[in-house]
């Protein structure tokens with residue numbers, strides 16, 4: 001059977017393969033501890049649930065505009081003004097089925113076949129394939145790491161730049177490391193991007209989940225010039241525990257927002273009407289459960305970080321998101337982080353995500369979007385595994 005060439009550009013998913021193995025073991029009755037899932041273990045806030053039910057019961061669940069309902073776009077604009085600063089107009093916003101949908105729509109609208117996109121590492125695995133599906137080439141630039149986090153390497157970005165480079169794709173707070181760029185670091189990257197007239201695709205889905213230090217800074221907050229070259233990606237999944245609602249948005253120049261809405265009108269139609277109503281409720285009346293969730297994640301973060309460091313694993317400080325990204329290079333063999341995670345699953349029934357999926361084969365990712373008992377058991381199993389590998 002012959003498929004379009006774009007399908008061959010998609011790399012096999014390391015994470016899905018390991019997840020399938022973990023589920024197969026669970027299906028056999030094995031006690032598998034899963035620290036791989038990047039999803040809050042909280043329900044959506046009660047007011048969000050109520051708004052969704054109310055929308056369904058109204059009977060008015062129909063197609064909306066491809067760019068989203070006027071009410072939600074207005075609510076997003078006011079939310080952005082409160083969290084990023086400046087004035088936002090609803091015409092600068094397109095509602096999407098998810099943040100990933102917003103990412104892909106922005107890439108399809110802005111990059112073309114033969115273009116290059118700079119991607120600081122580590123980076124969420126989907127970025128690489130989304131860039132390739134848009135016909136462009138991801139240029140991967142590792143960042144230096146210390147106890148305070150993983151930082152952008154502007155000199156490395158400059159060296160990787162080509163005449164076809166069109167965009168830089170950034171993510172702070174970061175998946176997989178939890179690192180949050182400082183304001184000065186963000187300013188340096190933005191200065192570089194503006195110097196070379198690059199678009200800045202800023203994935204800010206974890207913006208609300210920062211636990212210490214200064215808040216995450218959006219490039220769009222730094223200057224009008226930066227605002228004009230920045231596309232903000234955000235959504236309801238992480239900060240509001242609304243993963244299954246599948247709703248997100250992009251915010252950028254109104255011409256771009258209209259272009260993505262035009263694309264989506266012919267590919268995916270309008271966003272889910274029920275989820276739009278639920279998200280609008282969350283934005284207009286911020287639910288108290290979100291702060292409770294953030295504080296709970298902060299406590300879990302402390303527990304996991306202390307445990308990893310007691311095991312002797314250097315771990316960049318995860319100031320945000322809900323991941324830790326320890327360096328396991330002392331314990332990997334020729335198979336790298338994938339082999340490490342395969343052996344860990346087989347021997348200890350502990351599922352982690354190999355750093356190779358994120359462009360850093362010396363690390364692994366653990367999610368602390370799970371309960372304290374699970375985190376303690378994971379650390380126990382990881383410690384037993386490392387002891388045998390020494």
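Points worth noting:
- Here the label points at residue 160 and residue 311, each 7 Å from Cα along the C-beta direction, are separated by 2.8 nm in the simple model.
- Candidates 365, 295, 335: whichever shows maximal mean-square fluctuation once the chain is modelled as a Gaussian network with Cα springs under 10 Å: 335
- A simple spin-label model places pseudo-atoms 7 Å from Cα toward Cβ; at residue 112 and residue 5 they are separated by 1.6 nm.
- Taken as Cα centroids, region 250-273 and region 156-223 sit 23 Å apart, rounded to the nearest whole angstrom.
- The angle between the Cα long axis of helix 254-267 and the longest principal axis of the Cα atoms of the chain comes to about 80 degrees, rounded to the nearest 10.
- Most fluctuating residue given options 275, 265, 218, as computed from a GNM of the chain linking Cα atoms under 10 Å: 265
- Relative pair counts by distance (%), Cα atoms of region 46-284, 10 Å bins: 8, 34, 36, 18, 4, 0
- Cα centroids of region 67-89 and region 134-155: 30 Å apart.
- For the listed peptides 94-103, 184-193, 124-133, a ranking on the average number of other beta carbons within 10 Å per residue, highest first, reads 94-103, 124-133, 184-193.
- Relative to the longest principal axis of the Cα atoms of the chain, the long axis of helix 183-195 lies at roughly 60 degrees.
- Model label sites at residue 376 and residue 267, defined 7 Å from Cα along the beta-carbon direction, differ in position by 4.7 nm.
- Between residue 329 and residue 25, the contour length at 0.36 nm per residue exceeds the alpha carbon distance by 106.8 nm.
- Rounded to the nearest 10 degrees, the angle from helix 99-110 to the longest Cα principal axis of the chain is 60 degrees.
- For the options 12, 176, 43, a Gaussian network treatment of the chain with springs between C-alpha atoms closer than 10 Å singles out 12 as fluctuating the most.
Just so you know, all these numbers are worked out from the coordinates, no wet-lab data involved. A quick note: this is a predicted structure, and the numbers were derived from the prediction, not measured. Glycine also receives a Cβ, built like all others from the backbone with ideal geometry; neighbour counts cover every protein chain displayed.
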